[in-house]
Amino acid sequence: MRGPPQCKRAAAKTTGVPGTQRKRVLKVYAIVRCGGRQEKVALDDVVTVDRLPGGTGESVTLPALLVVDGDRVISDPAEVGRYQVTADIVGDASGPKINMIHYRNKTGYRRRLGHRQKYTQVRITGIGPETKSGAKKTAAKAKKAEED
């Protein structure tokens, strides 16, 4: 009888035969807050969020709540505050039409209402620590404050 395939794979891993080990894909993603909701975003994702001010092509920064960078999970507010999630506005979108009907029996009261929520689609362009230019600006402000 032949053993299950998992046993053969485990044996190949322990013997150190090259090419038998699986490559781990290290992916960076973040949980961001946008419009009262939390969204899981990764690089080049297109996410639909509540309406944002700004036009198509403009860049927005979303506050990160949690960042997973390969094997590191960053959830400390002081450390997560250093990370920026930047996104470009792709365009506007509309949600599904929601029809509401108010009806009261035997009184002749009927009302028909409709609603269609407006959304904005954004493409995630960057997840990472603050750029050095932002750090330089902060250092320049601190230096100016010391001089005064």
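Here, each number is a calculation from the coordinates, and none is a lab measurement. Treat the numbers as computed from the prediction; the structure is a model and nothing was measured.
Whose amide H sits under 5 Å from the amide H of Leu65, counting only residues 5 or more places off or on another chain, with H placed in the peptide plane?
The answer is Ile31, Val32, Arg33.
Calculate one ³J(HN,Hα) per residue across segment 110-124 by plugging θ = phi - 60° into the Karplus curve 6.51 cos²θ - 1.76 cosθ + 1.60, and present them in order as whole Hz with x for glycine and proline.
Listing the rounded values in order: 9, 9, 10, 10, x, 8, 9, 5, 9, 10, 10, 9, 10, 10, 6 Hz.
Non-local amide H neighbours of Asp45 (under 5 Å, H modeled in plane, Pro and chain starts lacking H): which ones?
Under 5 Å from the amide H of Asp45: Ile124.
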